[in-house]
Amino acid sequence: MDVIDELRAYREKDIPYSRVLSSMCTVPHPVAVEAHKMFIETNLGDPGIFRGTVELEAKLMKLIGEILHCKTPAGYICSGGTEANIQGIRAARNVQRKDNPNIVIPKTAHFSFEKIGDILGVEIRRAGVDEEYKVDVGQVEDLMDENTVAIVGIAGTTELGQIDPIVEFSKLAEDRQVELHVDAAFGGLVIPFMDDPYPFDFQNKGVSSITIDPHKMGMATIPAGGIIFKDESYLRALEVETPYLTSKTQFTLTGTRPGTGVASAYAVLKSLGFEGMKEVVKTCLKNTRILVEEMGALGFEPVIEPVMNVVSFRTEEADRLKEELYRMNWVISTIREPKAIRFVVMPHVTEEVIKSFISDFRKVLRR
């Protein structure tokens, strides 16, 4: 067997995105694929060689900065939200310089913060949420002390797509003189393009850093996560010396770093523009409403009315439904608190895909 045939056989075992209703990634935009191919051999870990790619990343940071209301954006494209969150908290720890650092996060925060506590030696303190699954700001304040280096808010929680009260967080961060990291890995390229966008970004003076992943709703090729700081001082707090490379210092977490994510993210955002991205988000929100209506007709109610294109439906049978649907090659996910089945309506989740899923879901419910 030719090696390409062998690879094709393995690839065919993968479940196509058209059957995946739980992923925050999607089929890359065609222009992203073309850009990826063009930059396939680039390595931003040695920027003196790939000078054009470095310039392109700077343009992308400026472009994302405009979306996030920041005139002095500083950051880079990384492997994903986990790395971006690590770097956001690492910078906060290094800037604040406290002996026994801790951060306060919502209970709804992504599991990457478990890794952060372990890797960075930072104590993780978790605040509860209100009836709408937004973090309780009062609890956050109660958990803070003289060793708190940062508080964390989520703009698009993984399980429900909820947005924490970042405006209140910003005031708290300013009052207590700590950093505010916003995990907008998903919501960062959704919220700005909604009809009534919540001000989660750098228009709040207390926001220090934002995680934003173009390989999610930005439809870039994987990997294309992103970490953006409000200014370059945070990058300086991350620097280490790199004596044998073409650069003297490096602020990134990984060394070798593909330029493909930079090129593909820039290609999508530049070619679609603000209005094009707004249309993508509008379609996803429309299809989310269709899913809610179809699920409602089957007796399922959302845990909260969807804020964006993430929605979960209460059911005590969540695990059984997930397993039976998986046997039919449909991929959904579950959440534990409250018990529910979860959907993410990405650009590949079209109205046709939803109707096909509902047809098969009815068969599962009759069993």
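The values are calculated or read from the model by the stated rules, or taken from the named source; none is laboratory data. Keep in mind it's a predicted model, so treat the numbers as computed, not measured. Positions of Cβ are generated from backbone atoms using ideal geometry, with glycine treated the same way; all protein chains shown enter the neighbour counts. Surface accessibility is based on the protein's heavy atoms, side chains included, excluding ligands, DNA and RNA. Shrake-Rupley method; radii C 1.70, N 1.55, O 1.52, S 1.80 Å.
Largest accessible area first, the listed residues Y198, Y76 line up as Y198, Y76 when surface is computed with a 1.4 Å probe on the assembled protein chains. Spin-label model, E323/K270: points 7 Å from Cα along the beta carbon direction are separated by 5.0 nm. The ellipsoid that matches the Cα gyration tensor of region 245-338 has semi-axes, each √(5λ) in whole angstrom, of 38, 21, 13, with the longest given first. Charge dipole (Cα centre; +1 on Lys/Arg Cβ, -1 on Asp/Glu Cβ; no other charges) of region 1-124 amounts to roughly 580 debye. Please compute, over every Cα-Cα pair in region 304-356, the percentage with a separation greater than 12 angstrom. So the portion of pairs separated by more than 12 Å is 67 percent. Between T221, T211, T53, the residue with the greatest mean-square fluctuation in the GNM of the chain (Cα pairs under 10 Å linked by springs) is T53.
Is the C-alpha gyration tensor of region 117-175 telling us rounded, prolate or oblate? Criteria: a/c under 1.5 is rounded; beyond that, a/b larger than b/c is prolate, otherwise oblate. Cα axes put region 117-175 in the oblate bin. Taking every DSSP bridge with both residues inside the chain, close to 55 percent are antiparallel. Since only T350, L7, I105 are under comparison, the one whose Cα sits farthest along the positive direction of the charge dipole of the chain, derived from C-beta charges on Lys, Arg, Asp and Glu, is L7. Extension gain, Y10 to R176: 0.36 nm times the residue separation minus the Cα-Cα distance gives 54.4 nm.
The alpha carbon centroids of region 120-193 and region 53-118 are separated by 13 Å. Heavy-atom accessible surface of the chain, averaged per residue, reaches 47 Å², computed with a 1.4 Å probe.
Magnitude of the Cβ-charge dipole of region 54-140, K/R +1 and D/E -1, about the Cα centre, nearest 20 debye? Using Cβ point charges on Lys, Arg, Asp and Glu, region 54-140 gives about 300 debye. How large, in percent, is the carbon and sulfur part of the accessible surface of the chain at a probe radius of 1.4 Å? Carbon and sulfur: 50 percent of the exposed surface of the chain. Legend: calculated FRET efficiency, L245 to K71, from the Cβ-Cβ distance at R0 = 25 Å, rounded to 0.05, equals 0.25.
Each residue, K205 and E132, gets one label point 7 Å from its Cα in the Cβ direction; the gap between the two is 2.6 nm.
3J(HN,Hα) along region 64-81, derived from phi through the Karplus expression 6.51 cos²θ - 1.76 cosθ + 1.60 where θ = phi - 60°, amounts to 5, x, 5, 5, 9, 6, 10, 8, 10, x, 9, x, 6, 8, 10, 6, x, x Hz, with x in place of Gly and Pro.
Considering only R176, R97, R19, the Gaussian network model of the chain with Cα springs below 10 Å gives its largest mean-square fluctuation to R97. With R₀ fixed at 30 Å, the C-beta to C-beta distance from D145 to F111 puts the FRET efficiency at about 0.75.
Over the Cα atoms of region 87-208, compute the convex hull volume and normalise it per residue, giving Å³. Output value, Cα hull per residue: 94 Å³. Taking each residue as 0.36 nm, the span from E123 to T254 lengthens on full extension beyond its C-alpha to C-alpha distance by 44.8 nm. Neighbours of N309, meaning other residues whose beta-carbon lies under 11 angstrom from its beta-carbon, give a summed charge of +4 when Lys and Arg score +1 and Asp and Glu score -1.
Might you report the magnitude of the Cβ-based charge dipole of the chain about its Cα centre, with Lys and Arg at +1 and Asp and Glu at -1, to the nearest 20 debye?
620 debye
Model label points for K59 and D99, set 7 angstrom from Cα along the Cα-to-Cβ axis, are 5.1 nm apart.
Fraction of C-alpha pairs exceeding 27 angstrom in region 128-262: 28 percent, rounded to a whole number.
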